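Presented below is the structure to which this report refers.
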Amino acid sequence: MNCGPAPTVAAALATARTMGVDRLDAQWLLARVLNRPRSWLLAHDEAPLDADLWRQFQGHLVRRAGGEPLAYLHGEKEFHGLTLSVTPAVLVPRPDTELLVDWALELLDGALAEVKSPQVADLGTGSGAIALAVKNCCPQATVMATDNSQSALAVAEANAVRLGLDVGFVTGSWWAALPVRRFHLVLSNPPYIAAGDPHLPALRHEPASALTPGGDGLGALQEIVHGAPHHLLPGGWLLLEHGFEQAEAVQRLLRSEGFAGVETRHDLGGQPRCSGGHR
Ligand code: GLN
């Protein structure tokens, strides 16, 4: 792309428009490159851009126009009140997943409130979002987080250190990471998109292993539910995020493993998004 003479703020944003980048996204990206608040941009239309920063901004525009999530360009994402570092090694935390965290906190404050030091696990933690949000709001919990991806765990661990949250991290696939541990509460947002799902191509910048287990999308959910009875303490809870068309299947899985009090909760868009139950 033409990196020619550095333009003004207004011209740089106009370039973004011609590349099809959303106006607000372009403003966030430019503000970040200039290390200024977005409001500064609006008041400094005619300010010239330094050539280096213009080149940096153009690089961001090319990536954003190619569908890369804004969170990867920023290198961070807000989740449940925490600012998490994210890289392409991890799924970008979704606001819908805050539902799972809120449900977990409700249990820790309700059905599990009598437990002095609740043992909590987050399977397939990615950026660490769920585990860190739970630990942040419930410091008395012992929280373990797993992931099969070393590079994802490195991101999660760095987040824990930066946020000063004491969470234990273990590498491994689902329960294999925690062979002998038992928990009061297990949480997971596993890959659940079916192999041929038309939404997958738009998510190509995120790790495929965090999005789809292949097949009908139920494989990871099945594995987690099947192993749960051996890893939950009496009365322990399992809460799972799943696809909006998977609530019935997940409820069936939970009941067939003997879970009680099985229910489904809805996300911000009103879709059935999380299901869970207890031993
Ligand atoms: N909810 C995510 C999406 O639809 C997928 C998350 C997942 O597969 N666990 O983009």
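A few comments on the model shown:
- Among residues of segment 259-279, those that are open to solvent by less than 50 Å² (accessible area, probe 1.4 Å), in a loop (DSSP other than H, G, I, E, B) and small (Gly, Ala, Ser), counted: 1
- For segment 97-199, the helices (runs of 4 or more DSSP H) that sit wholly inside it and include 1 or more residues that are within 16 Å of the ligand (Cβ to nearest atom) and surrounded by fewer than 21 Cβ atoms within 10 Å (Cβ to Cβ) are 98-108.
- Taken over segment 73-91, the criterion of being open to solvent by 10 Å² or more (accessible area, probe 1.4 Å), part of a loop (DSSP other than H, G, I, E, B) and either in contact (Cβ under 8 Å) with a residue 24 or more places away in the chain or of a type in the set (A, V, I, L, M) (or both) is satisfied by 80, 81, 87, 88, 89, 91.
- Verdict on residue 236 being open to solvent by 20 Å² or more (accessible area, probe 1.4 Å) and away from the ligand (no atom under 16 Å from the Cβ): no
- Every condition in (1) in contact with a helix residue (DSSP H, G or I) (Cβ under 8 Å, 6 or more places away or on another chain); (2) of a type outside the set (Lys, Arg); (3) touching a residue at least 24 places away in the same chain (Cβ under 8 Å); (4) within 24 Å of residue 110 (Cα to Cα) holds for residue 232 except the one numbered (1).
- Scanning segment 142-198 for residues that are in contact (Cβ under 8 Å) with a residue 12 or more places away in the chain, farther than 22 Å from residue 80 by Cβ and more than 19 Å from the chain's Cα centre (by Cα) yields 175, 177, 178, 181, 182, 195, 197.
- Among the numbered conditions (1) over 30 Å from residue 135 (Cβ atoms); (2) in a strand (DSSP E or B); (3) acidic (Asp, Glu), the only one that residue 25 does not meet is (2).
- Failed item, numbered, when residue 58 is tested on (1) touching a strand residue (DSSP E or B) at 6+ places or on another chain (Cβ under 6 Å); (2) open to solvent by less than 20 Å² (accessible area, probe 1.4 Å): (1)
- Out of 26, 51, 16, one residue alone is closer than 22 Å to residue 72 by Cβ, touching a residue at least 40 places away in the same chain (Cβ under 8 Å) and open to solvent by less than 90 Å² (accessible area, probe 1.4 Å). It is 16.
- Among the residues of segment 207-219, just one is within 21 Å of residue 66 (Cα to Cα) and open to solvent by less than 20 Å² (accessible area, probe 1.4 Å), namely 211.
The values are calculated or read from the model by the stated rules, or taken from the named source; none is laboratory data. Note that the coordinates shown come from a computational prediction; the quantities given were computed from them, not determined experimentally. No Cβ is skipped: glycine too gets one built from the backbone with ideal geometry, and neighbour counts run over all protein chains shown. When the accessible area is computed, the model is the full protein with side chains, heavy atoms only, and any ligands, DNA or RNA have been set aside. Shrake-Rupley method; radii C 1.70, N 1.55, O 1.52, S 1.80 Å.
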